[in-house]
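One structure is given here, and the rest of the page talks about it.
The values are calculated or read from the model by the stated rules, or taken from the named source; none is laboratory data. Bear in mind that the values here come from a model prediction, so they are computed numbers and not experimental data. Backbone-built Cβ (ideal geometry, glycine too); neighbour counts: all protein chains shown. Ligands, DNA and RNA are stripped out before the accessible areas are found, and what is left, the full protein with its side chains, is counted by its heavy atoms. Shrake-Rupley method; radii C 1.70, N 1.55, O 1.52, S 1.80 Å.
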Amino acid sequence: MSRKNWTKKETIVAFNVYCKVPFKASSKTNPIIIQFANIIGRTPSALNMKIGNFGRLDPELKKKGITGLKNGSQLEEEVWNEFHGNWDKLAFESEKIIAEFVGKPILGEFEGEFPVGKDTMRATKVRVNQAFFRSAVLSAYNSSCCITGINIPQLLVASHIIPWNQNKERTNPRNGLCLNCLHDKAFDKGLITINEDYRIEVSSHVLDSVNSGVMEYLHRIAGSKIFLPDRFLPDKQFLAYHRRNIFIK
């Protein structure tokens, strides 16, 4: 029996999954791969291969000497070119397609907290995009804090480098860091930042604090290099914005 060609909708879902699964952890036995393969009616092996095909298009993986699979389709390139860098569109369109496959409204788990009328769709897009951003950022860092290595999901935050309400790159995974709750708050309030060499700078406001416990705890991480992600490397321009506009020197 001949194999059914992949549709554009299936390929968009595959790109969504590509962003949510650490590339090195992608396999036909990965629970996320299995889950989404069932949703689109493909085998886990087929979906895993499609993710490998997207890997060949990723310049960040190429820089690390990871080439993905060698062969791929023109449709994958079309989807990559349409959505890579257009993260708001990818997040909402792909999640809408997934909702169609499972026969449920895109509101899904977000039902029950929305305003009535025309603001409903706007609120839906915000929630969907936030969920996509969190999944993509945590996946890039293998669900581990880039400062401490803490890998308990309940304690991790997909922290925006440029705050959500101050930029158009709010869904861009390169505008994110995976941090534990404490360091997320410190980063958000400008008590720590990341320099162009991906090393941690601690505010003099903290280092001069009379609270010796806080000073000692944050002083230990000053100058340390963060754990870098396998992909979606933090954009240096976004980090420079944080140092200029948020960090308390």
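Is at least one residue of the range 117-136 modelled with pLDDT of 70 or more and over 19 Å from the mean Cα position of the chain (by Cα)? Looking for residues that are modelled with pLDDT of 70 or more and over 19 Å from the mean Cα position of the chain (by Cα), one finds at least one in the range 117-136, hence yes. Against the conditions (1) in contact with a Ser or Thr (Cβ under 9 Å, 6 or more places away or on another chain); (2) hydroxyl-bearing (S, T, Y); (3) without any contact (Cβ under 8 Å) to a residue 12 or more places away in the chain, T11 satisfies every one except (3).
In a residue-by-residue description of the range 76-88, the property of being over 26 Å from L228 (Cα atoms) and free of Cβ contacts under 8 Å to residues at least 40 places away in the same chain applies to at least one position.
One line per residue, one yes/no per condition, for (1) of a type outside the set (S, T, N, Q); (2) free of Cβ contacts under 8 Å to residues at least 24 places away in the same chain; (3) open to solvent by 60 Å² or more (accessible area, probe 1.4 Å):
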site	(1), (2), (3)
N16	no, no, no
P31	yes, yes, yes
I39	yes, no, no
T43	no, yes, yes
L47	yes, no, no
D58	yes, no, no
K62	yes, yes, yes
I66	yes, no, no
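If you check V157 against the conditions, is it surrounded by 20 or more Cβ atoms within 10 Å (Cβ to Cβ), in contact (Cβ under 8 Å) with a residue 40 or more places away in the chain, touching a Cys at 6+ places or on another chain (Cβ under 7 Å) and not in a loop (DSSP other than H, G, I, E, B)? No, not satisfied. Looking across the range 164-191, the residues that are open to solvent by less than 50 Å² (accessible area, probe 1.4 Å) and not in a loop (DSSP other than H, G, I, E, B) come down to P173, N175, G176, L177, C178, L179, N180, H183, D184, A186, F187. Contact annotation: residue pairs with Cβ atoms under 6 Å, 6 or more positions apart or on different chains, pairing a residue in the range 170-185 that is under 13 Å from L138 (Cβ atoms) and in contact (Cβ under 8 Å) with a residue 40 or more places away in the chain with a partner that is assigned to a helix (DSSP H, G or I) and open to solvent by 10 Å² or more (accessible area, probe 1.4 Å), are C178/L138.
Here R220 fits the description: within 16 Å of C146 (Cα to Cα), charged (D, E, K, R) and modelled with pLDDT under 90.
Note on the range 136-154: residues that are surrounded by fewer than 24 Cβ atoms within 10 Å (Cβ to Cβ) and over 11 Å from F232 (Cβ atoms) amount to 11.
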